[in-house]
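See below for the structure under consideration.
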Amino acid sequence: MKVEIDGRIKRIIARDKKVMITTTRESYPFVPAHGEGDFVYDVSGNKFIDFSSFISVYNLGIDGNKAIRSAVKKQLDALTHSAFTDYYGELPVRFAEKLVTMFPSGFGRVFFSNSGTEANEAAIKFARIFTKRQYMLAFYGGFHGRTLGSLSLTASRAVQREGFGPFGSAIHVPFAYCYRCPLKQEYPSCGIACVDYIKDYPLSKEVSGKEVAGIIIEPIQGEGGYIVPPKDFFKKIRKLADENGMLLIDDEVQAGYMRTGKFLALDNFGVKADIYTMAKALGGGLPIGATITRRSLGNIPAGSHANTFGGNLASIAAADASLRYVQRNMKNLHKGIMKKGRYLMKRLNEMKERYEIVGDVRGMGLMIGVELVKSKKGKEPAVKEREKILEECFYNGLILLPAGASTIRVIPPLTVSMASLEKGTDIFENAIKKIDGSRQYLRNVVEQ
Ligand SMILES: Cc1ncc(COP(=O)(O)O)c(C=O)c1O
């Protein structure tokens, strides 16, 4: 699957650079046009295997599960915009009723929006109004979106915040990133010292726990580098929230929707939240965000929060068809995700044994991160090498995305076939081998 970049692709990119406001795209020239099964094709007919799910959106496949497409087409012919926060709607209500059944018993109420950041904006506002408190605790490495409220919680890369402050009332605390412990300790002998730190420092010296409305957290940090905390970390966080009357807000935007094998990634940690947020895969390719609150929290005052497009009928039709598929195929989906996840973990851990550049492999289900380092001992992030590996994969027909300083996320659609999974993993290993080899070669030359 050798990829050729022709004039058409080059022209689109040149035009993009003139007219578009810059975004995060900076490495390979990918201009997707359509998808079919496990494959995606660019505008010039190059064929790729997708290990990105288009940033965790196409969990049910790149060409959209057929049922999702036909549900949307049907809805397009009826009505798309229904001003759902002003008028009533049968489809959004039915979907919300279905959605809450996927959450712990006692949930809840749903607010629909259009994206992850908006779902988190709503969560911040709801936590404040429910608790009548102002502050929020958020984690270093966490990503919750880029609008000003959620950006104040995001602390994944300084460039995302640079020049946009001042920010609101977020206090950042260390996440359990055990491969690079921010407190330079070792798990489990640390006794989850990072949570003790929150009590001993920010909550003792900066702000009283009584003033903190909520703790927002990703079950597995996504943009921050695919960081999986130990199970007991979440138990301690839940306890901290309870001791202080804070609400636990679980941002499932990236890790949720079956990615880890369970509908909610937090369920892997034996803990429940008070408010959940979802987006990305929820709409099967159409924009939707949802904020789901525990019923006992009550409701917000009428008129205090709303939007124009939340509950958009085309998006809800997609989300509804997608969820119906998940509910009907839950057992098989789970089984497939775990089987494919085990296969990937085995292959990636073998690469860790074989190649100096692979520092850490971590994940759950089909949410896996491969952290690249210049050397296993020094753990210096292999930033340029990561770019080269991503490019090498691209030119050999495999789409992958970065996360954190030097991690590659391996997140194929949950429905990927074993054949494509194996083929994609082979392309990935060849790229790792090539860049690891050239890096070793360069080091030998320098050392001689
Ligand atoms: C965990 C998490 N929360 C929130 C967001 C923001 O979502 P959106 O880009 O839809 O605003 C993202 C996006 O990557 C995310 O990964």
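Values in this text are rule-based calculations from the coordinates and carry no lab data. Here the structure is a predicted model, which means the values were calculated and not measured. Counting neighbours? That spans all protein chains shown, and the Cβs are built from the backbone with ideal geometry, glycine included.
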Relative packing of peptides 168-174, 101-107 - highest average C-beta neighbours within 10 Å first
168-174, 101-107
Lys/Arg Cβ at +1, Asp/Glu Cβ at -1, dipole of the chain taken about the Cα centre: which of Phe130, Gly363, Asn244 is farthest positive-ward?
Gly363
Ser113's amide H: which non-local residues (gap 5+, or another chain) put their own amide H closer than 5 Å, with H modeled 1.01 Å from N in plane and none for Pro or chain starts?
Gly289, Ala290, Thr291, Gly311
In terms of the charge dipole of the range 66-328, which places +1 on Lys and Arg and -1 on Asp and Glu at the beta carbon, the residue among Thr293, Val93, Gly145 farthest towards the positive end is Val93
Mind listing the Cα extents of the chain along all three principal axes, in Å, largest one first?
68, 58, 46
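Which value, in debye to the nearest 20, gives the size of the charge dipole of the range 352-436 about its Cα centre, when Lys and Arg are +1 and Asp and Glu are -1 at the Cβ? If you can, show how the numbers build up before the last one.
Working: 14 positive and 13 negative charges, 44 e Å.
That gives the range 352-436 a dipole magnitude of about 220 debye.
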Which lysines have a Cα less than 17 Å from the Cα of Lys346, not counting those fewer than 8 places away in the same chain?
Lys335, Lys423, Lys433
Give, rounded to the nearest 20 debye, the magnitude of the charge dipole that the chain has about its Cα centre when Lys and Arg contribute +1 at Cβ and Asp and Glu contribute -1 at Cβ.
420 debye
Segments 247-254, 282-289, 320-327 sorted - mean Cβ within 10 Å per residue, highest first
247-254, 282-289, 320-327
Suppose only helical runs count, i.e. DSSP H with n ≥ 4. What mean residue ellipticity at 222 nm does that imply for the chain under -39500 (n - 2.57) per run, divided by all residues and rounded to the nearest 500 deg cm²/dmol?
-12000 deg cm²/dmol
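In what sequence, highest mean first, do 128-136, 226-234, 16-24 appear when ranked by Cβ atoms within 10 angstrom? Show your work: numbers first, answer last.
Working: 128-136: 18.1, 226-234: 20.7, 16-24: 8.2.
Answer by packing, highest mean first, reads 226-234, 128-136, 16-24.
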Need the list of lysines near Lys98 for cross-linking: C-alpha distance under 22 angstrom, and skip anything on the same chain fewer than eight residues off.
Lys66, Lys73, Lys74, Lys262, Lys272, Lys280, Lys331
Given C-alpha coordinates of the range 66-328, what is the ratio Rg to Rh with the Kirkwood estimate of Rh?
0.98
If you plug each phi of the range 66-81 into the Karplus form 6.51 cos²θ - 1.76 cosθ + 1.60 with θ = phi - 60°, what whole-Hz ³J(HN,Hα) values come out, in order, with x for Gly and Pro?
3, 5, 5, 4, 5, 5, 5, 4, 4, 5, 4, 6, 9, 7, 9, 9
Compute the separation of the alpha-carbon centres of the range 1-53 and the range 149-215 and state it in Å as a whole number.
37 Å
Taking just the alpha carbons, could you work out the radius of gyration and Dmax for the range 54-174, both in angstroms?
17.8, 49
